[in-house]
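The values are calculated or read from the model by the stated rules, or taken from the named source; none is laboratory data. Predicted model, so just to flag it, every value in this text is computed and none were measured. Cβ coordinates were reconstructed from backbone atoms using ideal geometry, including for glycine residues, and neighbour counts include every protein chain displayed.
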Amino acid sequence: MIRTVSIEIRAPAEKVWELLALDKWTEWDEGTQKLVKRVDYHSDIHAPEDKYRVGTTANLIDKNDKVYLASEVTESLENAKLVYRLRADGTHSFIKSQKFALEPVERGTKLTLVMDYEKLAWGILGKAIIKSMTSGKGTEKQLENLKNILEK
């Protein structure tokens, strides 16, 4: 299942791009704020732009010092597109990837987030979980948080 949400932000793509690195998610993503203690990069990070390089891997570590979410950058075009492949055990194991697409618009940047979810084999329960996770309210709130930060 694919879920797509877009928002226009009155900020240049370069500023939006800076907050898409995994270690910046805690600034605007409420789920990450609540569940993640830190981000451990496993790739060599010598400069900030290395966080966006294809092949870069990192783990989001939860409050109990366990891997909450493992990620890898699978596509990256500076200030235009960033795709993370995501893997997790437990409650978020059904999210396969998140794609951020940035497009210049008259008043700033249009940010589109495309989430690809695994098909759950849990029958009605699986469908209910996917429906609640993809309803958009949480995702839209997170993008609003990002917008509010960038438009200050």
When you check residue 72 against the structure, is it assigned to a strand (DSSP E or B) and at pLDDT 90 or above, yes or no?
yes
So is residue 60 of a type in the set (A, V, I, L, M, F, W, C), part of a strand (DSSP E or B) and within 13 Å of the chain's Cα centre (by Cα) or not?
yes
Conditions: (1) surrounded by fewer than 18 Cβ atoms within 10 Å (Cβ to Cβ); (2) free of Cβ contacts under 8 Å to residues at least 60 places away in the same chain. Residue 10 meets all but one. Number of the miss?
(2)
Pair list, Cβ < 9 Å and 6+ apart or interchain, from the stretch 101-116 residues that are under 19 Å from residue 29 (Cβ atoms) to residues that are among the β-branched types (Val, Ile, Thr) and not in a strand (DSSP E or B)
102/16; 109/16; 111/16; 113/139; 115/134; 115/139
Flag for residue 15 being outside any strand (DSSP E or B), farther than 22 Å from residue 138 by Cα and touching a Phe, Trp or Tyr at 6+ places or on another chain (Cβ under 8 Å)
no
With the requirement that a residue be modelled with pLDDT under 95 and aromatic (Phe, Trp, Tyr), what does the stretch 1-29 give you?
25, 28
The stretch 137-152: number of residues that are out of contact with any Gly (no Cβ under 8 Å at 6 or more places or on another chain), under 16 Å from residue 100 (Cβ atoms) and either modelled with pLDDT under 90 or not β-branched (Val, Ile, Thr) (or both):
8
Quick one: in the stretch 19-56, which of the residues that are among the charged types (D, E, K, R) and crowded, with 16+ Cβ neighbours inside 10 Å is farthest from residue 140 (Cα to Cα)?
51
